[in-house]
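Below: one structure, written as structure tokens.
The values are calculated or read from the model by the stated rules, or taken from the named source; none is laboratory data. The model shown is predicted, which means the values in this text are computed figures rather than measured ones. A quick note on method: Cβ atoms are made from the backbone with ideal geometry, for glycine too, and the neighbour counts reach across all protein chains shown. Protein only, heavy atoms only, side chains kept; ligands, DNA and RNA dropped before computing areas. Shrake-Rupley method; radii C 1.70, N 1.55, O 1.52, S 1.80 Å.
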Amino acid sequence: MRAEREKWEQRYRTGEGVHAGPPSALLARWAGTARRGRALDVASGFGRNALFLASRGFRVDVVDISPTALREAARRARRRRLRVRWIEADLDRYPLPRARYDVVVVSFFLRRRLVPALKAAVKPGGLLVMENHLAGPEPDEGPGPAHRLRPGDLWRWFRGWEILELAEGLFTAEGRRM
């Protein structure tokens, strides 16, 4: 846990590869369809998705391992007068509550063993938004293979769920297919 925390602390202190801009285009497209209620932003970093959801009336919980990221995200929330519950925790050890959230967001964070807990955290009829890097034949910037989806992973993991949108491939930051 300490090594993982230090890795993320270093990244957030330097700003290296940090998602600090606008919310996920995928989340922005689908958030309007979700019941207003509770939302969970997993591995939120500087809180771009959490702040977006809070600004739309959701009661947002954030779980992230980095105190530096959480402090900066909380500062951004205060500046915008948004209330968010910030939880510093290692998701490998933090027990996610079952059926609590109307929206769960997982953006560019992948722990395959957490998928069942993430699915269980969504209330019946809720929305789970997951986006990540996809493993492919061409090397690119970003995480290594262990932290990338393999083609078909989402179809397998969410078999039996109503899938509103699923696309694999290369996309711009704004969510347009390249």
Search result, residues across region 54-79 that are farther than 26 Å from residue 7 by Cβ and buried (at least 23 other Cβ atoms within 10 Å of the Cβ): 58
Flag if residue 41 is open to solvent by less than 10 Å² (accessible area, probe 1.4 Å) and closer than 17 Å to residue 22 by Cβ: yes
Filter result for the condition that a residue is modelled with pLDDT under 90 and assigned to a loop (DSSP other than H, G, I, E, B), over 143, 95: 143
Count of residues meeting criterion [at pLDDT 95 or above and surrounded by 17 or more Cβ atoms within 10 Å (Cβ to Cβ)] in region 22-38: 1
Number of positions in region 90-106 that are of a type outside the set (Asp, Glu) and exposed (fewer than 14 other Cβ atoms within 10 Å of the Cβ): 5
Selection within region 115-130 - closer than 16 Å to residue 156 by Cβ, open to solvent by 20 Å² or more (accessible area, probe 1.4 Å) and touching a strand residue (DSSP E or B) at 6+ places or on another chain (Cβ under 9 Å): 119, 128, 130
Among the candidates 161, 86, residue that is under 24 Å from residue 37 (Cα atoms), modelled with pLDDT of 95 or more and either in contact with a Phe, Trp or Tyr (Cβ under 9 Å, 6 or more places away or on another chain) or among the hydrophobic types (A, V, I, L, M, F, W, C) (or both): 86
Which numbered condition residue 148 misses (of (1) more than 22 Å from residue 7 (Cβ to Cβ); (2) modelled with pLDDT under 90; (3) open to solvent by less than 30 Å² (accessible area, probe 1.4 Å)): (1)
